[in-house]
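Nothing in this text is a laboratory measurement; each read-out follows from the coordinates by a stated rule. The shown structure was predicted, so the numbers you read here are calculated from the model rather than taken from an experiment. Backbone-built Cβ (ideal geometry, glycine too); neighbour counts: all protein chains shown.
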Amino acid sequence: MIHLAKIQEAAENLKGVAVHTPLVKNENLSERFAAQVYLKREDLQPVRSYKLRGAYHKISSLSENDIKLGVVCASAGNHAQGVAFACRKLNIKAVIYMPITTPAQKIKQVKLFGKENVEVVLKGDTFDDAYNEALLFSQKNKAVFVHPFDDELVISGQGTVGLEIVEDSKCKIDFLFFPIGGGGLAAGVVSVFKQLSPETNLIGIEPQGAASMKTSLENGKNTALTNIDKFVDGAAVKRVGDKTFEICQHSLDDIVLVPEGKVCTTILQLYNEEAIVVEPAGALSIAALDSYKDQIKGKNVVCIVSGSNNDITRMEEIKERSLMFEGLKHYFIINFPQRPGALKEFVNDVLGENDDITYFQFTKKNNREEGPAVVGVELKYSSDLDSMEQKMKTKKINYQHLNEQKELFTHLIF
């Protein structure tokens, strides 16, 4: 693990640059889980995520010769913003590679933080494409490649989050929950806690669709995933870092996988109940508390809220995924008789008084007795689904439940 002195050195280096973010007790979560739940608000950093810490510590440690050659990185979000902010602060030139598919809002934010010190280059359709282009640029131009997580200086910078938690906590911390993407934050904070608070249970959280660290730990070696769900974009990587894996392998007490739909429910709860805006990765640690509700009862718990760079255009998808996870939104392919009144009968005889059709797509087929329609229904209670399906069976309605058929659902709906 990273020696404590190196993380303390990073903390000194970051003074006046990164914000010493608050550690705040959350009354609603504390009451819900019968525990003392504290939030470490890294979403309040100038770039709205902890990534500034590692990026600045790495870049500020460069030699004069390296500074003249400039730096390069690849990122689709928070790391790019951290590098851009650091380079403007230090007056160093940076080239930042981002996938062509990166939302315009994120590209604009990177340029806003970096100003004239940063050149954004859009290459490839995926992060891996942009990453490979950045490496080629680094080799060709001798520019320093600033890795988003697999670098000792970057890990040390992220570890300062842990130092602040220990410093600000007025009680023994029983559980620490934190997100894991490439593992930079995890490796940094576990290095601190193993040396300053070894009795704390260290729980890493990954999205269910991108369990790269959990898979690697189970295999006993760093393992690349073939396919991942990129929805929790701040924590969805195919392969964690070699350095971060080595540290986490010997330090984590557990890894919890959180379904993407649960992440969405947590995002909406934080917004509606706390007026806190978080990105999907920023919600991971809080979303995992349900998995530990028995163990944390009566305990002191800290959740790291890692970031809040959430594109507002994603909110409809977040709401949709949440409703589906909670069992309140269902999609069907229903074969309606091609005669007048068929839809009216479905509404009157199948739907309950609290059910609402939110999606309907139908094209009349000539010379057919039946025509398929894709129907989306929002329920008030998840238990109402059984009643609805039983009515369709009683009425001998031919249907398919799309929620259970992921590939077909993705093709027809998303």
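Note on VAL24 and LEU90: the extension gain reaches 20.6 nm, defined as 0.36 nm multiplied by sequence separation minus the Cα-Cα distance.
Working from label points 7 Å from Cα in the Cα-to-Cβ sense, the ASP356 to GLU116 distance is 5.2 nm.
Kirkwood analysis of the range 31-72, using all unique Cα-Cα pairs, places the hydrodynamic radius at 13.2 Å. What list of whole percents do you get for P(r) of the range 1-147, with Cα-Cα distances grouped in 10 Å bins up to the one holding the largest distance? All Cα pairs, binned at 10 Å, distribute as 12, 36, 30, 16, 6, 1 percent.
Dividing the alpha-carbon radius of gyration of the range 325-414 by the rule-of-thumb value 2.2 N^0.38 Å gives 1.05. Among GLN390, GLN45, GLN158, the residue with the largest mean-square fluctuation in a Gaussian network model of the chain, with springs joining Cα atoms closer than 10 Å, is GLN390.
The trypsin sites (Lys or Arg not before Pro) found in the range 256-313 that occupy coil by DSSP, while having at most 14 further C-beta atoms within 10 Å, are LYS293, LYS297. Taking a quarter of the surface of the Cα convex hull of the range 284-328 gives a mean projected area of 4.3 nm². Which residues does the label zone of GLU199 cover in the range 159-190, counting backbone N under 17 Å from a point 7 Å along Cα→Cβ? Those under the cut-off are 166-167, 169-176.
Full extension of the segment from SER387 to GLU407, taken as 0.36 nm per residue of separation minus the current Cα-Cα distance, would add 4.6 nm. Three semi-axes describe the equivalent ellipsoid of the range 305-377; taken as square roots of 5 times the Cα gyration tensor eigenvalues and ordered largest first, they are 34, 15, 8 Å. Spread over its residues, the convex hull of the C-alpha atoms of the range 83-126 is 52 Å³ per residue. The value of relative contact order for the chain, using C-alpha pairs under 8 Å at least six residues apart, is 15 percent. For the chain, the 222 nm mean residue ellipticity estimated from helices alone, with every DSSP H stretch of n ≥ 4 adding -39500 (n - 2.57) and the total spread over all residues, rounds to -13000 deg cm²/dmol. What fraction of the Cα pairs in the range 173-264, stated in percent, has a spacing above 22 angstrom? Of all Cα-Cα pairs in the range 173-264, 22 percent lie more than 22 Å apart. Of LYS25, LYS111, LYS68, which has the largest mean-square fluctuation in a 10 Å C-alpha GNM of the chain? Looking only at LYS25, LYS111, LYS68, the biggest GNM fluctuation is shown by LYS68.
Scan the chain and hand back the longest stretch that contains none of the GluC sites (Glu not before Pro) lying in DSSP loops with at most 10 other Cβ atoms within 10 Å. Here the longest run is 1-198.
Given R0 = 45 Å, the distance between the Cβ atoms of LYS170 and LEU328 translates into a calculated FRET efficiency of 0.65. Partners of LYS238 within straight-line reach, counting lysines whose Cα lies under 20 Å from its Cα and excluding those fewer than 8 residues away in the same chain: LYS51, LYS123, LYS214, LYS221, LYS230. With the largest listed first and rounded to whole Å, the semi-axes of the equivalent ellipsoid of the chain from the Cα gyration tensor are 44, 26, 17.
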